[in-house]
Every structure is written in C-alpha cells, then in structure tokens.
Amino acid sequence: MKRFKGVTLLAVLALLVAACGGSTGESAAPSGDEKPAGWLEALGEAEGELNLIIWPGYAERGEYEGFNWVDPFEAETGCKVNVTAMTDSNNGVQLLQSGQYDGGSFSGDASVRLMTAGDVAPVNVDLLSNYAAVFSGLKNQAHNSKDGMPYGVPHGRGPNLLMWNTDVVTTAPTSWDAVWDGTAAVNGKISIYDSSIYIADAAIHLMAKQPELGIKNPYQLNEEQFAAAIDLLEKQRDLGVIYWGSYADQVAGFASGDLVIGTTWQFMANVLGGDTTAPKVETVMPEEGSTGWSDTWMMATKAANPNCMYLWMNHMMSAEANGQATVFFGEAATSVAACDYAETIAPGHCELTHASDEAYWETIWYWATPREDCDDADSATTCKTQDDWVEAWTTLRGN
Amino acid sequence: MIRRITGWFNRHPRATLGALLAGPLGWISVVYLGSLLILLMHAFWSKDSFTGKVEPFNWTLDAFVQILSNPVYFTIAARTIGIALLVTISAAAIALPVAYYMARIASPRKRALLLVAVTMPLWASYLVKIYAWRTILQTNGLLGWAISPFGLEGPGLTEIANSWLVLTYLWLPYMILPVYAGLERIPNSLLEASADLGGRGWITFRRVIFPQLIPALAAGSIFTFSLSIGDYIVPDLVSDAKFIGNVIYDNSALGSFPVAAAFSFVPIVVMIGYLLFARRLGAFESL
C-alpha cells in the first residue's frame, strides 16, 4: 500500500499544480479559463528550425523550375525547414506520434484521429494574418476543428483522379469501371493506391452499381457493405493490379509503360507531363464522384518549434505560397488572393480545380476515418473500424 | 590504496574478468536486449483502434489472436520461409562449383581475380543493385529487350520469382566465401587417398568432399537464410509481394505496433530454430 500512497500524493500534487496554473489567469484562452495544451498566446522569437511531415510536393524548394516556397520562407523567418514525406495518412499519424515533428499537412482521415488523441494543438488564428482571407467553406470543418476551435489551417483540396496512358487507352474513360472491370489492354497494368483508405473507392463504386447495399458514406461501412467492398477489391486484384506506395513508384511505372491506367493525384500527372520521354497521360474526375482530400497544416501539441510552425502556417496561406503549392500539386487554392496568384502561373487553374465552387466539393468524399459508431447519431448501427480496414488491406495484399 | 585494489584483483581473477566485461555486457544487455524487450512487450499491449495510440502495460493478447485467426499471416510467413529456403538452396547450388573451381582448379592469379569478382558486388549499395535489377526485369527492360526477338515479354515487376532471383544474387557472396574456405581446408592427401582407393571424381565429391563441406554450407546458409527472411525491400521493389518484413513494416508504419511486434516473433522463433539446426551441423566451427 505504501507505493500507492506515494502515487496518490503525486497525483494530488499534480492536480494542485494544474489548478494553480489554470487559476493564474494570465491569458484569455478561447474557453476563458484553461489553456489547452500547445496553445500559443503570442508569437515569440523564431526557433530557427522546423520539422514537418508532408505529403510529397507540399514543400518545394526549386527542384522544379518556378516552384519554390520553402527558400523564401527560410530567408524571411530564419526557420530551417526539414521535411519527411508520408506514404499515406496512417503513416502520417504514426510519424507525428513519434514526437519528433512540429507538425504536418494532414488529410481528414489523419487529422480527426490526431485531434481526438490530443496529438495536435488548437491554433490561435488571431496570430495568423492570412487566415481571414481563407474561403469560409474551409474553416471550422469537421476535419480541421474540434469543439468550435480551429486545429489547423487549410493547404488545399482535390479529388483522387483516374489517369491513363493515351497511347494504350485510346477512348477517354469517364467512369471508374475502367479500373474495376479491366480490359485485355490494361489488365496487369492497373495502378492502385496501396492504402487501406482505398476501400472507400470500392464503396463509391458500389454506391453507383449496387444501390441496394444502402451505402450512405463510403468511409462508414457495416459488415455486409464492407464484405461487398472487399469482394470487389479481390476481383480487381485478380485483374493484375500493381499497387503504388509512393508517388515515385507510380510515376516510374507509367513512364516505363508497366502501368497504363489507375488512380492518381493530379500531381503525378503534372510530373509525367513535365517528362518529355514519358508516354502522354490524361486525367479525369469520373462521373460516379470520387474520394478526395482536404489537407490541413497542424501543429503537434509537443512541438519543439511552435513559433516557426505558426510562421509556416501563415506562410502557407499567403497568396504566393498557396498559389504555387496548389498549382504544383494540381489542387484547389484556399483563398481568392491565392487563386489570383495561381492564375498568373497557370491560367485557368482556379476554374479547373473548382477552387471556390462549394457545390462541386459536395460530390467529393474527403478522406475520413472509419469509426465503430459510423460517425452518425444512430447508436444502433456499428461499422468497421480503422483497424478492421488496415487488417483487411493486409489480407487483400498478402494473399 | 591502489596497490591494495590491484592486489585484490590479482588474487581474484574472476572478479577481474567480471570488471572488464561489465562495460560491454552492460551495453549489450541494456541497449540491445533492452530495446528488443520493449519491442516484444508491445505485442502484449493494447491499442486505441481510433487514434492508433499504444496503451503501455495494458496487457492483452489481441495482436496474437488477430494473427492466429487470419490465415493470411500464415500464408505470408510460409511464403517468406519458402523463398528464403529456395534462395539458400540455389545459392548453395551456384556456390559449390564456383568455390570448387576457385579453391582447387584455378591458378593463384585467377583465384585472386575470382575472389575480387565475388566480393566486388558487396562494395555497391544494396539499393542500387535492386534498382539495377528493376531496370532489367521490368516489362520493357533489358531482359524483355533481349528475349523480345523470340516473341517473349519481360517478366514485369510483380513475379514472386523475381524476389528469388534477386535475393539469390544479393546473398551469393555470403555462401561462396565460407564454402571456398571450407574447400581450402580439405587436405589434398584425402583426395589422393580417395583416388588411390579407386574413387572417381563424383564418388570423391559425394563421399569425401561433400560431408566435410556440410559445416561450411550450413554456415553460408545462416547468412542466406537469415538475410532473406528479414528482407522487405526486395519483395516490395521487384515483386510487389508481401513478406514477413513487409507486414511488420506496414503495421508499424500504419500505427499498429502490437500486431507488428507480435508478428516479429515469427522470424525470431524460426531463426532460433534454424541456428540450433545449423549448430548441430557444425556451422559455428567453420565460421
């Protein structure tokens, strides 16, 4: 019992310290009384370093002509930027939880988990001068806020697209059927994203083809719907699918002709378009709709360099940085000013990406985390969890 | 004072040895075994299925239940062990004649050249070699170009046999060198005695040379087998196949540490079994 007493004493002490900390009231935190972990009241001196988890293509420093928004940031703030690219959202969550990063750009299937776990901190947007100009459709959404508090700032959004090699696939496809049903010309050369989140793409196909399953949200699937999606994925695998884990894998495959059709981000089409020796590719947003992402720069609760992270978040909402970054990746810019800047690099970009067309974004299912409670008010139904998705993906890929 | 201490150590040789070894042994046990222990303990910890956070000291066997209840993990383990065995057998089959030529037939100059040739690939980066094989094996690659006149196509980058081929290539030197050393150790007089007793080439090899080479082959096989069973880059890059290492990597990268840790028991147990088997064949005397 003696040890327990010690522990209790420590706990009481910790409570006292916490209470004292809360009652000093030196700050006007959003809820009024208590500062949330990682809350920044005022900007301090830049730490000189910033460690980020990014999607590939989200922090360019001039490797591609005309795209450089990291060097100007470093020159202006003195924060040296180090980046680690994630392969998928699950990987991003794991990287952030390792505790070695100040923050990163997370899609909805990662951001909600990170907010729930307390791994990322709410953001004091009053300190970010560029936040006011951001499209209101990107503020205080389920994927970037909790309890009415913003937990990050938007980077850009876009759909997952269908890409094909125009030499091999001569009639432009308009539907995802091309990757689910296959043809003699493409079997064995179909390129599919190697992540459990791709199960949602199967669910979207089922929403169009088998409405009797009653899928309402491709990320929240019950037993029967999930089984149908996995069944579809197994059939697809047997067509001879090659799964891509990193974008470079897919680019290399399309360039060599080992891949001719598949799911992609506009980014890879842009890279292939810039390679004169690669076969010509085109992309389309298929008529069934698609999965997509809306990415958020978030700060780790335990960030070692919070000031640099705030400076970075503000920088990534600036017209120049956001304009360049969203053109580079082929996604929609986050403000009118960024859109205007993007038009100067790539005329027609804003309309092409539907930057301010909120009706368009309603047709896109942003990546979200599968939850046991189906993420709805109905407590009677249960859905497959994130772990079920990962395990099903291992089973699909391992056999 | 110092004299008294040294005097004491002088009278207690075991204590001297203990003091000397305390540093390195402490390092091994704390840093190496300690981190291994923490890794393996993860297998018995639970995890929040939504946020992906491991809950330390919250004991459960869920990870093992998951692995045992889903046959895919058995398939993956069997595939990995099967390929590792194939790699070991094919490496031995190539190593025997090469090492025999080097040790018994080649002139000293040729032998030196061959030794350099065998070890040369070890100087190149492992990844560079794998990417070189990718350019050979991809559909429009070097191999596809070479066999296209016969109406054949390159194998592409999804065949499981690619992994067998590339792993055999990568680990071959580790088999040739011990076998070569083992052949050099066989005294000429034994072969002469065999010939005197009427033993022709094949009989001499089968009944005189091969039995004495078993420890060397077992030593080489430890390398080829253990390196193959742990590899996860080759199967991913040339085969698009999942090995044990891929599942461990995927699960740790996806934030499912308990499953990754539980599955890592498989190669550990297999390797312990293999090492015990190799020890019975005398592998450790010929390393």
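The values are calculated or read from the model by the stated rules, or taken from the named source; none is laboratory data. Predicted model only: the values in this text are computed from it and were never measured. Virtual Cβ from ideal backbone geometry, glycine too; neighbours counted across all protein chains shown. Just the protein is used for accessible areas: all its heavy atoms, side chains included, with ligands, DNA and RNA removed. Shrake-Rupley method; radii C 1.70, N 1.55, O 1.52, S 1.80 Å.
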Across region B:46-66, what is the number of residues that are within 13 Å of B:P258 (Cβ to Cβ), open to solvent by less than 60 Å² (accessible area, probe 1.4 Å) and at the interface with chain A (Cβ under 10 Å from one of its Cβ atoms)? 6
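Here is a yes/no grid of residues against (1) touching an Asp or Glu at 6+ places or on another chain (Cβ under 7 Å); (2) surrounded by 14 or more Cβ atoms within 10 Å (Cβ to Cβ); (3) not aliphatic (A, V, I, L, M):
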{"position": "B:G182", "(1), (2), (3)": "no, yes, yes"}
{"position": "B:L190", "(1), (2), (3)": "no, no, no"}
{"position": "B:P211", "(1), (2), (3)": "no, no, yes"}
{"position": "B:A219", "(1), (2), (3)": "no, yes, no"}
Residue under evaluation A:A172, criteria (1) buried (at least 24 other Cβ atoms within 10 Å of the Cβ); (2) more than 23 Å from the chain's Cα centre (by Cα), criterion not met: (1)
Scan region A:212-264 for residues that are assigned to a loop (DSSP other than H, G, I, E, B) and in contact with a helix residue (DSSP H, G or I) (Cβ under 7 Å, 6 or more places away or on another chain) and jot them down. A:I215, A:P218, A:Y219, A:L221, A:L259
Log entry, pairs with first residue in region A:163-183 being touching a residue at least 60 places away in the same chain (Cβ under 8 Å), second being in a strand (DSSP E or B) and open to solvent by 70 Å² or more (accessible area, probe 1.4 Å), beta carbons closer than 8 Å, six or more apart or on different chains, reads A:M163/A:E282; A:W164/A:E282; A:T166/A:E282; A:A172/A:E282
Within region B:240-250, is there a residue that is farther than 17 Å from A:G398 by Cβ and in contact with a Phe, Trp or Tyr (Cβ under 6 Å, 6 or more places away or on another chain)? no
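Somewhere in region A:384-394, is a residue out of contact with any helix residue (DSSP H, G or I) (no Cβ under 9 Å at 6 or more places or on another chain) and within 14 Å of another protein chain (Cβ to nearest Cβ)?
So far as region A:384-394 goes, yes, one or more of its residues are out of contact with any helix residue (DSSP H, G or I) (no Cβ under 9 Å at 6 or more places or on another chain) and within 14 Å of another protein chain (Cβ to nearest Cβ).
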Checked against (1) farther than 28 Å from B:L281 by Cβ; (2) surrounded by fewer than 21 Cβ atoms within 10 Å (Cβ to Cβ), B:A261 satisfies every condition except (2)
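Residues are listed down the side, and each one gets a yes or a no for (1) away from chain B (no Cβ under 14 Å); (2) at pLDDT 90 or above; (3) in a loop (DSSP other than H, G, I, E, B); (4) over 22 Å from A:G289 (Cα atoms):
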site	(1), (2), (3), (4)
A:M163	yes, yes, no, no
A:D167	no, yes, yes, yes
A:T171	yes, yes, yes, no
A:T174	yes, yes, yes, no
A:V179	yes, yes, no, no
A:A184	yes, yes, yes, yes
A:N187	no, yes, yes, yes
Residues in region A:367-379 that are more than 10 Å from chain B (Cβ to nearest Cβ), in contact with a Ser or Thr (Cβ under 9 Å, 6 or more places away or on another chain) and open to solvent by 60 Å² or more (accessible area, probe 1.4 Å) total 1
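Picking from A:E320, A:E288, which residue would you name as being farther than 30 Å from A:P72 by Cβ and either in contact with a His (Cβ under 7 Å, 6 or more places away or on another chain) or open to solvent by 20 Å² or more (accessible area, probe 1.4 Å) (or both)?
A:E288
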With criteria (1) part of a loop (DSSP other than H, G, I, E, B); (2) open to solvent by 60 Å² or more (accessible area, probe 1.4 Å); (3) away from chain B (no Cβ under 14 Å), A:A355 comes up short on (2)
Quick check on A:A338: is it on the phi < 0 side of the Ramachandran plot and outside any loop (DSSP other than H, G, I, E, B)? yes
Is it true that some residue in region B:235-245 is acidic (D, E) and surrounded by 18 or more Cβ atoms within 10 Å (Cβ to Cβ)? yes
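Take B:L276 and tell me if it is open to solvent by 40 Å² or more (accessible area, probe 1.4 Å), free of Cβ contacts under 8 Å to residues at least 40 places away in the same chain and either away from chain A (no Cβ under 14 Å) or under 16 Å from B:A99 (Cβ atoms) (or both). Break it down stepwise before answering.
Details: open to solvent by 40 Å² or more (accessible area, probe 1.4 Å): yes; free of Cβ contacts under 8 Å to residues at least 40 places away in the same chain: yes; either away from chain A (no Cβ under 14 Å) or under 16 Å from B:A99 (Cβ atoms) (or both): yes.
So B:L276 fits the description; yes.
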Kindly indicate the residue of region B:67-91 that is under 13 Å from the mean Cα position of the chain (by Cα) and crowded, with 22+ Cβ neighbours inside 10 Å and also farthest from B:I209 (Cα to Cα) among those meeting that condition. B:T80
Pick from region B:181-208, criterion touching a Leu at 6+ places or on another chain (Cβ under 8 Å) and touching a residue at least 40 places away in the same chain (Cβ under 8 Å), ranking: farthest from B:P108 (Cα to Cα): B:G182
Within region B:27-38, identify whether any single residue is open to solvent by 60 Å² or more (accessible area, probe 1.4 Å), not assigned by TED's automatic domain parsing to the domain that holds B:L227 and not in a helix (DSSP H, G or I), and answer yes or no. no
What number of residues within region B:125-172 are part of a helix (DSSP H, G or I), within 11 Å of chain A (Cβ to nearest Cβ) and open to solvent by less than 50 Å² (accessible area, probe 1.4 Å)? 3
Only one of A:T344, A:T382, A:T395 that is outside any loop (DSSP other than H, G, I, E, B), polar (S, T, N, Q) and open to solvent by 70 Å² or more (accessible area, probe 1.4 Å): A:T344
Positions within region A:68-97 being among the charged types (D, E, K, R) and away from every other protein chain (no Cβ under 14 Å), in sequence order: A:D71, A:E74, A:E76, A:K80
Evaluate region A:316-326: report whether one residue or more is part of a loop (DSSP other than H, G, I, E, B) and not acidic (D, E). yes
Subset of region A:98-124 that is of a type in the set (A, V, I, L, M, F, W, C) and either surrounded by fewer than 20 Cβ atoms within 10 Å (Cβ to Cβ) or within 14 Å of chain B (Cβ to nearest Cβ) (or both) - its residue that is nearest to A:T326 (Cα to Cα): A:F106
Select from region A:61-105 the residues that are part of a loop (DSSP other than H, G, I, E, B) and of a type in the set (S, T, Y) and write down the one among them that is modelled with the highest pLDDT. A:Y101
